[in-house]
Amino acid sequence: MLNSPKSPQFAKAKLSPLPAKAGSCRSNDCCRDDVLTPETESIPDTGERYSWLIDGMDCAACARKVENAVKQVADVQRVQVLFTTQKLLVTASNDIRLDVEKAVKAAGYNLRSSTAPAPKTSSLSENLPLILLIIMMALSWGLEQFNHPFGNLAFIATTLVGLWPIARQAVRLMRSGNWFAIETLMSVAAIGALFIGATAEAAMVLLLFLIGERLESYAANRARRSVSALMALKPEVATRIRNGERESIALSDLRPGDVIEVAAGGRLPADGRLLTPFASFDESALTGESIPVERQQDEKVPAGSTSVDRLVQLEVISEPGDSAIDRILRLIEEADERRAPIERFIDRFSQIYTPIIMAIALLAAVVPPLLFGQSWSEWIYKGLALLLIGCPCALVISTPAAITSGLAAAARRGALIKGGAALERLGKIQHIAFDKTGTLTAGKPQVTAIEFNNELNENALLALAAAAEIGSSHPLAQAIVREAQTRELTLPTTSAHRALAGIGVEATINDETLLLSAPGKLADNVLDATWQQRITKLEAEGQTVIAVVLQGQLLGVIALRDTLRSDAKMAVVALKNIGVQSVMLTGDNPRAAAAIAQELGMDYRASLLPGDKVNAVNELNAGAPLAMVGDGINDAPAMKAATIGIAMGSGTDVALETADAALTHNRLTELASMIGLARATHNNIRQNITIALGLKGIFLITTLLGITGLWLAVLADSGATALVTANALRLLKRE
């Protein structure tokens with residue numbers, strides 16, 4: 001199960017100093033009714049943290065506009081806009097909620113508390129400005145065909161109607177510190193076109209811009225859809241059983257230890273421990289695994305799973321806001337915060353790129369007429385076209401569109417990657433190091449061979465061993481008992497069970513001493529040369545051998561081995577096919593490690609302590625970018641040392657939080673897919689940047705030569721934005 005620091009509770013928050021302890025959360029009743037009531041939670045900063053949801057963001061550029069607006073508020077220490085989940089996080093030294101809300105509203109966006117429902121808007125109302133402009137544009141064109149003066153007036157009216165909301169937004173953004181937003185460029189271009197008499201082109205510029213905005217909004221909604229679906233997995237209420245009575249309660253009222261009931265076809269509201277003897281659950285929404293999973297009594301079942309075939313009862317094991325779904329959502333939010341280096345570079349580049357383009361457009365409009373006596377209208381027209389060509393929208397969205405699509409595609413397959421930076425590093429991986437137990441193997445030993453003397457048969461020997469091991473918590477003992485139960489054997493009565501440290505276990509049966517021991521701990525006269533050879537052969541195959549001795553006489557041996565995951569071989573082959581080499585790093589003995597490594601066809605290093613694993617990772621990482629895959633606490637340091645750490649979804653909390661990515665469904669075969677997707681995303685980014693800058697370069701030259709004008713200039717921007725968006729969305733369809 002995925003885990004991370006406690007999730008924020010979207011509740012009304014009273015503003016009070018909080019201890020600077022990462023991962024904690026506290027909420028109380030709000031002290032004011034006239035403001036939104038965001039969460040308050042402690043973070044490493046010196047101030048307090050507030051959170052809202054933002055309505056009206058259509059693209060990653062909108063997120064930057066909100067950030068810039070909030071940064072203008074006094075006493076704000078830190079601002080983050082998580083575009084994927086539409087969340088605004090602000091850290092401040094005092095209560096600045098009212099100021100933040102005013103600043104964001106002034107920038108043209110709306111804030112609401114996370115407990116408030118999203119405003120309902122119809123598709124007609126959302127598209128009304130665009131529909132109105134299309135109708136007016138068609139009427140203007142029709143009038144132009146019959147009467148030029150009336151047609152010209154109609155185009156002016158169309159331009160003014162289309163310009164009003166864009167210019168108003170441009171003014172808002174300038175007041176909030178966003179001087180070079182696309183709305184500003186469009187407003188200047190449209191007004192300038194009106195002044196030089198290019199009325200039809202002024203109207204067309206605004207129409208094409210609104211079409212581009214709708215395309216961006218569609219792309220953003222597509223990218224967010226998987227996150228919205230995840231948030232919708234939890235039911236709004238839960239059925240709790242208390243003192244034999246059933247009651248419906250809110251999810252926030254559930255606590256660990258509560259017993260809940262889920263009907264067939266219902267979803268689990270929280271992580272639970274199954275109390276029903278057995279049941280099947282559809283966990284595909286969380287893991288991507290389409291086949292229902294059968295769970296036995298006392299097994300854990302993640303929130304969001306669907307009970308397939310029966311009414312079940314479970315004991316809640318997660319705190320409110322800390323279920324499997326909440327933890328995945330937090331990982332997605334963390335991914336938003338960890339932007340790729342190329343994305344950060346494009347952001348910085350666009351901040352200086354736009355003012356430079358505006359300066360070039362201004363010079364193009366005034367220098368030729370002033371210095372060379374050229375036509376003012378001709379060069380103002382070209383300057384306006386340059387202004388539109390220089391719009392950075394396509395360039396700014398080229399990287400986040402691809403990264404968001406790549407992360408969403410990975411999440412849909414059950415692979416969570418913590419941000420663009422991790423995705424970029426993942427695409428460079430050439431080697432993968434695996435932990436053995438719990439990663440390449442199932443982490444659950446199984447009986448693989450039973451050899452016995454002529455005095456009894458295989459089942460009789462297994463029954464004796466299981467009788468001695470009853471009640472033991474040792475994994476090998478549990479494997480022997482489990483095998484006996486599978487064969488439905490009747491166990492003899494034993495007594496006086498005693499664990500022998502470093503040796504094995506001892507019990508009494510029919511007044512005789514039964515000993516289960518490691519062969520190397522037995523007395524010299526117990527094993528003859530034949531048995532020594534048989535045991536040596538089993539151990540050479542990587543199996544752990546337990547000798548069964550009754551009153552000093554060897555009855556036989558039982559061999560056990562932690563079996564490979566069913567998909568381990570396929571995963572190693574798939575990685576090799578894409579040029580990624582595999583190596584196993586394990587603390588197990590060399591013989592067991594060699595047997596597993598030989599079966600998988602990979603290199604290995606054995607008998608490694610956690611520190612030795614770190615040294616091995618550093619050594620391998622120095623040669624080529626290395627990913628470390630593990631599931632235990634002892635793997636966490638090595639995962640941190642690697643270029644990227646990948647945790648198994650069933651791993652420990654420490655491993656999952658240290659890792660840069662996680663396989664929620666534990667399918668190793670997805671590793672090759674993850675790396676392939678990361679490489680495809682990086683290629684997609686390069687393609688998008690080439691499209692964005694290439695089109696601008698072409699139209700820059702043709703505009704200066706007088707070949708193209710305003711219409712094609714705005715197409716160079718809106719068209720490029722549409723192309724890079726469509727190109728990024730191809731990643732969502734990647735198999």
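Using the average count of surrounding beta-carbon atoms within 10 Å as a protection proxy, the listed peptides 610-618, 380-388, 182-190 rank, highest first, as 380-388, 182-190, 610-618. Protection proxy ranking for 672-679, 367-374, using the average of other Cβ atoms within 10 Å per residue and placing the highest first: 672-679, 367-374. For the range 687-697, putting each phi into the Karplus relation 6.51 cos²θ - 1.76 cosθ + 1.60 with θ = phi - 60° gives couplings of 4, 5, 5, 4, 4, 4, 6, x, 5, 5, x Hz, in residue order, rounded to whole numbers and with x for Gly and Pro. Taking a ≥ b ≥ c as the square roots of the eigenvalues of the alpha carbon gyration tensor, the range 147-209 is prolate, as a/c is not under 1.5 and a/b beats b/c.
For the range 460-470, the Karplus equation 6.51 cos²θ - 1.76 cosθ + 1.60, evaluated at θ = phi - 60°, returns couplings of 5, 5, 5, 5, 4, 5, 5, 4, 6, 8, 3 Hz by residue, with Gly and Pro reported as x. Put simply, when 406-415, 527-536 are sorted by average Cβ atoms within 10 angstrom per residue, most first, you get 406-415, 527-536. Across the range 476-492, rounded Karplus estimates of 3J(HN,Hα) from the backbone phi angles (6.51 cos²θ - 1.76 cosθ + 1.60, θ = phi - 60°) give 5, 5, 5, 5, 5, 5, 5, 5, 5, 5, 4, 7, 6, 7, 8, 8, x Hz, Gly and Pro being marked x. Among rounded, prolate and oblate, which fits the range 479-544 when a ≥ b ≥ c are the square roots of the eigenvalues of its C-alpha gyration tensor, a/c under 1.5 means rounded, and a/b larger than b/c means prolate? It comes out oblate by the Cα gyration axes.
Bear in mind that the values in this text are calculations on the coordinates, not laboratory data. The structure displayed is predicted, hence computed values, not measured ones. Counting neighbours? That spans all protein chains shown, and the Cβs are built from the backbone with ideal geometry, glycine included.
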